[in-house]
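The values are calculated or read from the model by the stated rules, or taken from the named source; none is laboratory data. Note that the coordinates shown come from a computational prediction; the quantities given were computed from them, not determined experimentally. FYI the Cβ positions are ideal-geometry reconstructions off the backbone, even for glycines, and counts take in every protein chain you see. The area values use the complete protein model at the heavy-atom level, side chains included, leaving out ligands, DNA and RNA. Shrake-Rupley method; radii C 1.70, N 1.55, O 1.52, S 1.80 Å.
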Amino acid sequence: MANRRDSRIEPSFEGSPRAKSSEGFSVSEEDRVVPGSRKSASKGRSAKAKSRGRGRDRNRRGLLGIATRLVYWCFVLCIWGGIATAGIVVYYGAKMPAATTWSVPDRAPNIKIVSVDGALIANRGASGGEAVGLHEMSPYIPEAVVAIEDRRFYSHFGIDPIGLSRAMVANLIGGHFSQGGSTLTQQLAKNLFLTPDRTLERKVQEVLLALWLEHKHSKDQILEMYLNRVYFGSGAYGVEAASRRYFGKSARDVTLSEAALLAGLLKAPSKLSPARDPKAAEERAQLVLAAMRETGKISDKEYKTALSAPATRAPSYWTGSENYVADTVMDELPDLIGDVRGDIVINTTVDLNLQKLAEQSIRRLIDESGKKLNVTQGALVSIDDSGAVRAMVGGYDYSTSQFDRASEARRQPGSAFKPFVYMAALEAGRTPDSIRNDAPIKIGKWTPDNYGGKYYGKVTLATALAKSLNSVAAQLTMEVGPDAVVEAAHRMGIQSDLQANTSIALGTSEVTPLELTSAYVPFANGGYKPDIHFIQRITTANGKVLYENSGGSAPRVIKADIVGMMNSMMTGTVEVGTAKKAAFNWPSAGKTGTSQNSRDAWFVGYTANLTTGVWFGNDDGSPMKKVTGGALPAQAWHEFMVAAHEGVPVRPLPGTWKSTPSDTIVPDEIPSADASQPRAPPAAVGQSQPVAPAPTPVRQARPAQTVDADGFDMPSDSGSTASIKHPVPPGNVGGPTKKRQTSILDILGGG
């Protein structure tokens, strides 16, 4: 036991390997709970390094986990987003008609109206311009549009992911919708099939339709359809309409700077229209030019040249008087061919050179004398012997007023209506040599005074018409009856309602310049009433004839001898009468007219080639300052007819009549005051015959004395606009007429 106590071994932390091996138990320094002071510095540094390494590993593993989780959830969201998008596409796509039924709708038809020699008068219809092939238009136009609107047009499949992403980023950064990612194909799909609503449904449908368009059509076909249908502002649909609207030329002739301006309009057509804001349009055009240079469409030299020579805008659009013709043609079109289902070409009878001459004459006279004479409007109509309208001006300026005063405004013709009175009298047995007493007369309470109160005593009918003597016209109306005068006027071509009363002798019933002029045509062509027309032929764009005016025979409405007598008398109006300012080196005839207080001034005259009527006045019916038919209207007529007959062989007026020597003239028996029954028209009236060649007329000598103008007085100052009804004097003759002592000069002047 003792030995055992003596041999007890105490625990030791520094036991030898031998002891450990012998006893199997030992405790080292590392086994202490609190390290001993003998810990080495190197071991401390090693532990700290290991600790930091483990921290970095933990941070690295944390970031990697976050990134992994982010990628995971983004992937999940993309899957669900794709599923949702597919669901939306399927939902809205299911609401659309089956793709097999889709087709590009026909472009709104264009109506191209051209003159007798093929010059463009106007384009009408929803588009306002004809379709132009991509190979026909200026190459700058498609290049400019692609450069500014869709640079990757020829590489994408209808949808441009890059452009769409760029637009989304720009909109997010800007905080508002400032850019669109739609391609040209998407824009075309929207224009062809959809409404402009900004809804999710419309956007989905737009994408589907764009993909379909790319599948069915080539890129060039898509671009051509786009350029011929897109809106360019100011009412212009399609590049052809826009080119003519802004530059007065075809899209075939557009320059680089002009193409840039057109392409720039597509962003905001109404806002950027050069007709509204030329400065904004030019600034946008410069951006287009820069885009064209960036994409290599133009060189630096072309860019600088275009900047130094910006597009020049046409002064104004649709200002020409030929648009009055175009409006009339459009009104007549439905009756000729019905609905227009495709592009058509209308060949009119209008000579554009004559049209411009007529417009210039009307405008020049108003510009020179308008303020001084208080005249603001004028109209001119010119018709050839076949009834073809060669020119028609409906007002001073079409751009400021589209109301056509030539075909729509009914005004009092004044003495320009008297030829129908004299025609009825001749048909009732009078002759140009018949004598009447030009003196004051009273019909009821109405006294038809001569202009200026001057009377000539006994005069022939030829002299009375040349001098536009009102008292003689009233006497003749009483003799043959107002109904005979109305019948003669309607037979000749007047279409307006006419009041069958005695005052009709002085033109108190209102007519349009077009119908009054047309009613003079039988005097010019030998007594035949042709169909008055503006349209000669209508064809499709491919040349198929839809309508053609074949002319045909015109009915005779006046006997040949009456034509000769009327032309003989109305020649005096131009040679020695109230229209001496109209005379030129062609045989011509006609009649002036001035309504009460100079509200309307007319001259309708003719040669064997053309019949032309001119009117001046004011839209509100206000009086002009002593303007008569022998003044402005005769001057305008002269200017127009001289130019129209330049180089045309001279032809005499039709009809013959030989005057009876003045010393053997026996006055006609004047009927009693109650004789007012109309005479029957001649038997030849109404027979359809071909127009005969015009024989040379024999004219009687004219009296030396003339008056300067014509006019008449009525019971009250009633105006002359179409909406005002004029007082009608009683038809019976009452009260004694006051005889006037005539001088020897008056007697000699009356023949």
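Brief remarks on what is shown
- Apportionment of accessible area to carbon and sulfur, region 305-379, percent (1.4 Å): 49
- Relative contact order (%) - region 504-607, alpha-carbon pairs under 8 angstrom, separation at least six: 22
- The relative contact order of region 583-648, computed from alpha carbon pairs under 8 Å that lie at least 6 residues apart in sequence, is 32 percent.
- Ordering 473-483, 529-539 by mean Cβ neighbour count within 10 Å, with the highest value first, yields 473-483, 529-539.
- Average accessible surface for region 216-316: 45 Å² per residue, computed with a 1.4 Å probe over protein heavy atoms with every protein chain in place.
- Karplus-based coupling profile of region 321-329, in residue order and whole Hz: 5, 5, 6, 5, 5, 4, 4, 5, 4, with θ = phi - 60° in 6.51 cos²θ - 1.76 cosθ + 1.60 and x standing for Gly or Pro.
- Think of a 1.4 Å ball rolled over the protein heavy atoms: region 511-609 then has 28 Å² of accessible area per residue.
- Over 31 Å between alpha carbons, listed pairs Lys458/Lys580; Lys190/Lys356; Lys219/Lys279: Lys190/Lys356; Lys219/Lys279
- For a label point 7 Å along the Cα-to-beta-carbon line of Asp335, residues of region 491-527 with backbone N under 14 Å: 495-496, 515
- The Cα atoms of region 349-473 define a convex hull whose projected area, averaged across directions, is 11.1 nm².
- Using a probe radius of 1.4 angstrom, the carbon and sulfur fraction of the accessible surface of region 503-655 is 49%.
- Sorting the segments 224-232, 106-114 by their mean number of nearby beta carbons within 10 angstrom, highest to lowest, gives 224-232, 106-114.
- Unit Cα scatterers, Debye sum, region 322-365: log10 I(q)/I(0) for q = 0.33 Å⁻¹: -1.23
- Average silhouette area of region 400-559, convex hull of alpha-carbon atoms, in square nanometres: 12.8
- Length gained on full extension, Asp619 to Lys216: 139.5 nm, using 0.36 nm per residue less the C-alpha separation.
- A viscosity of 0.692 mPa s and a temperature of 37 °C, combined with the Kirkwood radius over C-alpha pairs in the Stokes-Einstein formula, give region 583-650 a diffusion coefficient of 264 µm²/s.
- Accessible surface of Val521 - all protein chains present, 1.4 Å probe, nearest 10 Å²: 0
- Förster radius 30 Å - calculated FRET efficiency between Glu283 and Gln402, Cβ distance, rounded to 0.05: 0.40
- Relative packing of peptides 598-611, 484-497 - highest average C-beta neighbours within 10 Å first: 598-611, 484-497
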